[in-house]
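As structure tokens, the structure follows; a few thoughts come after it.
The values are calculated or read from the model by the stated rules, or taken from the named source; none is laboratory data. Keep in mind it's a predicted model, so treat the numbers as computed, not measured. Quick reminder, even Gly has a Cβ in these numbers, built from the backbone with ideal geometry, and neighbours come from all protein chains shown. These accessible areas exclude ligands, DNA and RNA; they are computed on the full protein's heavy atoms, side chains included. Shrake-Rupley method; radii C 1.70, N 1.55, O 1.52, S 1.80 Å.
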Amino acid sequence: MKFFVDTADVAAIRELAELGMADGVTTNPSLILKSGRDIVEVTREICGIVEGPVSAEVVATEAAAMIAEGRRLAAIAPNIAVKLPLTWDGLRACKVLTGEGFMVNVTLCFSVNQALLAAKAGATFVSPFVGRLDDINLDGMQLIAGIRQVYDNYDFRTQILAASIRSVNHVAEAARIGADVMTAPPAVIKALASHPLTDRGLDQFLADWRKTGQKIL
Ligand code: E4P
């Protein structure tokens, strides 16, 4: 499973990339707002840190304008994936931009049928939003499983990018189901290393080690 980092925080991306934990990055207009930086400038910097796909989202809502914005964003760096919303216009823009050889991430996917359309429009990635479905008492993971099944049934090549990942349990579950990629905030990725039994076991080992009076170095 590939790990994308869901942030426009350059320092956090750099820290994870150094450990090989950032196979790509996803941003959106809310994350650009949070960064307080210019979209082109911060996206270019991120593209220099990670080799993999960096999603940058258009804000136009009509296909022709989405295509124009997508081309502008794609010109920032070769590893840009143009992020388009899962609307009819977004699908039209997806078809054109993938036809021109650009990577496209179709975002804000909330149903298997929407994911089917994204695959048929040639999307490189489809982003089902797990956490936002859970927020309204629906089952986000069930959507990931449904899309996995349908894509496998018909051998669609579009990669399932589990998005709106809010917890370590989401990550494990998406991996079990076979999502190709997950994108999560840096704090969730770092929390994957935590386990109370690891902490307790380490405390015990260190306490016993002190009692031996020995040193390794
Ligand atoms: C994905 O590409 C989105 O940027 C992100 O995962 C949305 O997450 P949220 O629902 O926690 O805002």
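On the chain, 56 percent of the accessible area sits on carbon and sulfur atoms, based on a 1.4 Å probe. Rounded to whole Å, the principal axis extents of the Cα atoms in the chain read 72, 38, 30, largest first. Converting phi to 3J(HN,Hα) with the Karplus coefficients 6.51, -1.76 and 1.60 and the offset θ = phi - 60°, the stretch 178-190 yields x, 4, 6, 9, 10, 10, 9, x, x, 5, 5, 5, 5 Hz in sequence order, with x at every glycine or proline.
Against the main long axis of the alpha-carbon atoms of the chain, helix 140-154 sits at an angle near 60°. Amide H contacts of E57: K83, each under 5 Å away and 5 or more positions distant or on a separate chain (H built 1.01 Å from N in the peptide plane; Pro and chain starts excluded).
Go through K190, K2 and list them by solvent-accessible area, largest first, probe radius 1.4 Å.
The ordering from most to least exposed comes out as K190, K2.
Here the 3J(HN,Hα) profile of the stretch 40-51, calculated from phi with Karplus coefficients 6.51, -1.76 and 1.60 at θ = phi - 60°, is 5, 5, 5, 5, 4, 5, 4, 5, x, 8, 10, 7 Hz, Gly and Pro shown as x. Around the Cα centre of the chain, unit charges on the Cβ atoms of Lys, Arg, Asp and Glu (plus for the first two, minus for the last two) sum to a dipole of about 220 debye.
Rounded to the nearest 10 degrees, the inclination of helix 196-212 to the longest alpha-carbon principal axis of the chain is 30 degrees.
Taking only C-alpha pairs under 8 Å that are 6+ residues apart, what is the relative contact order of the stretch 147-217 in percent? Walk me through the numbers before you get to the answer.
Details: 44 pairs, mean separation 18.7, N = 71.
Reported as a whole number, the value is 26 percent.
In Å², what does the accessible area per residue of the chain work out to with a 1.4 Å probe? Intermediate values should be presented prior to the final figure.
Working: 11340 Å² over 217 residues.
On a per-residue basis, 52 Å².
May I have the count of lysine pairs in the stretch 2-212 with C-alpha atoms under 21 Å apart, counting pairs 8 or more residues apart or located on different chains? If you can, show how the numbers build up before the last one.
On the way: K2/K83; K2/K190; K34/K83; K34/K190; K83/K95; K83/K120; K95/K120.
Lysine pair count for the stretch 2-212: 7.
Think of the chain as a dipole: +1 on every Lys or Arg Cβ, -1 on every Asp or Glu Cβ, centred on the Cα centre; then among M182, Q204, G24, Q204 lies furthest on the positive end. Name the longest site-free stretch of the chain, where the excluded sites are GluC sites (Glu not before Pro) in a DSSP loop with no more than 14 other beta-carbon atoms within 10 Å. The longest uninterrupted stretch comes out as 101-217.
Here the simple spin-label model places points 7 Å from the Cα toward Cβ, and for A207 and D135 these points are separated by 4.3 nm. As a length-normalised measure over Cα pairs under 8 Å and 6 or more apart, the relative contact order of the chain settles at 17 percent.
The stretch 61-107 and the stretch 129-178 have Cα centres separated by 22 Å.
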